[in-house]
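Worksheet: the structure to be examined is printed underneath.
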Amino acid sequence: MQIDEPRFLGNRLQRETWLTDTEGRHFRVADMMGKPLILLLSYYGCDGTCPTMNAELAKVLEKVERFKLGKDFRVLTVSFDKRDTVATAQDFMVKSAGVPAAMKDGWRHAVLQSGSDAGGVEKFAGEVGFRFFWSDAAKAFLHPNVLVFLTPEGRVARYIYGTRMDARTIELAITDADWERISNSTAVFDIFTGACFSYNYAEGRYQWNYSLLAGIGSLLLGLVSIGSGALIYRRRMSRRQGNGIEGKKGEARNA
């Protein structure tokens with residue numbers, strides 16, 4: 001169920017795909033763009049990991065302080081089960097997902113509109129590399145538990161799996177998704193954060209950007225060495241000049 005990240009990073013969602021949310025409102029994927037978007041693919045008949053992922057994300061987002069849901073980013077949960085409807089989405093959100101009322105303005109639960117896309121849910125999920133299949137033995141869908149972070153233009157910027165979900169990781173992933181705007185702004189803290197942390201694909205988490213820190217350390221060491229050498233040189237020259245003046249004074253007195 002692991003997503004082929006190198007293949008799908010940078011892929012763009014089709015902006016004209018139509019969805020319907022729990023209020024029965026029709027909207028396009030494009031309507032969710034303009035800010036970083038966290039996409040969570042679930043199915044509303046699930047009684048296991050899907051409601052857990054949604055509920056856990058809601059808890060983590062309450063701890064995110066750097067960015068505000070709705071103002072700085074949005075969240076979209078979409079069902080990949082063709083059988084899901086607006087009614088099952090409503091039931092899921094109320095009974096299972098645990099999304100606080102305060103988050104509803106920035107977080108929408110939706111289903112793909114019937115006939116809105118020739119490829120259906122498989123095509124929509126496939127745009128971000130999300131694969132799933134029905135297991136007769138388990139009587140459930142098997143699928144990855146992952147958050148997909150999209151840029152304001154709708155391109156895949158980062159994948160964060162459920163086991164790595166915490167407030168700091170969410171903030172760093174949002175920074176990655178919104179890096180173009182942040183790097184051209186005066187948000188010094190966000191620029192510093194984005195530069196000093198890098199994503200470790202092998203471990204699936206963010207860590208200090210050690211190569212950058214080593215480079216900065218080497219640069220600082222070089223500057224200190226140059227400064228120390230210049231200071232030592234100036235002191236030696238001052239001593240020589242002082243000795244030369246004293247010598248001339250001694251010659252003058254002897255004369």
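What follows is calculated from the coordinates using simple rules that are stated; it is not laboratory data. Only a predicted model underlies this, so the values are computations on that prediction, with no experimental measurement involved. With ideal geometry, Cβ positions are generated from the backbone for all residues, glycine too; neighbour counts draw on all protein chains shown.
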**Request:** Taking a cut-off of 18 Å between Cα atoms, list the aspartates and glutamates near residue 104, but don't count ones fewer than 8 places away on the same chain.
**Result:** 21, 23, 31, 56, 62, 65, 72, 91
**Asked** Beyond 18 Å, what share of the Cα-Cα pairs of region 64-148 remains, rounded to the nearest whole percent?
**Response** 54
**Item:** For q = 0.19, 0.30 Å⁻¹, Debye-computed log10 I/I(0) when each Cα of region 118-162 counts as one equal scatterer
**Value:** -0.70, -1.10
**Prompt:** Which value results when the Cα radius of gyration for region 1-68 is divided by 2.2 N^0.38 Å?
**Reply:** 1.32
**Message:** Can you list residues from other chains, or at least 5 along the same chain, whose modelled amide H is less than 5 Å from the amide H of residue 109?
**Reply:** 22, 77
**Asked** How would you rank 90-96, 157-163, highest first, on the average number of other Cβ atoms within 10 Å across their residues?
**Response** 157-163, 90-96
**Message:** Under 5 Å between amide hydrogens, which residues at least 5 positions from residue 73 or on another chain qualify, with H placed 1.01 Å from N in the peptide plane?
**Reply:** 68
**Message:** If packing is taken as the average number of other Cβ atoms within 10 Å across a peptide's residues, how do 99-112, 9-22, 133-146, 30-43 rank, most packed first?
**Reply:** 30-43, 99-112, 9-22, 133-146
**Request:** Please report, in Å, the Rg and the Dmax of region 1-132, where both are computed over Cα atoms only.
**Result:** 14.1, 40
**Request:** For every other residue with a beta carbon closer than 11 angstrom to the beta carbon of residue 86, add +1 if it is Lys or Arg and -1 if Asp or Glu, then tell me the sum.
**Result:** -3
**Highest to lowest packing among 171-179, 76-84, 45-53, scored as the average C-beta count within 10 Å** = 171-179, 76-84, 45-53
**Item:** Flagged links, alpha-carbon separation over 23 Å, of 68/95; 35/82; 82/123; 59/123; 95/123; 71/95
**Value:** 68/95; 35/82; 59/123; 95/123; 71/95
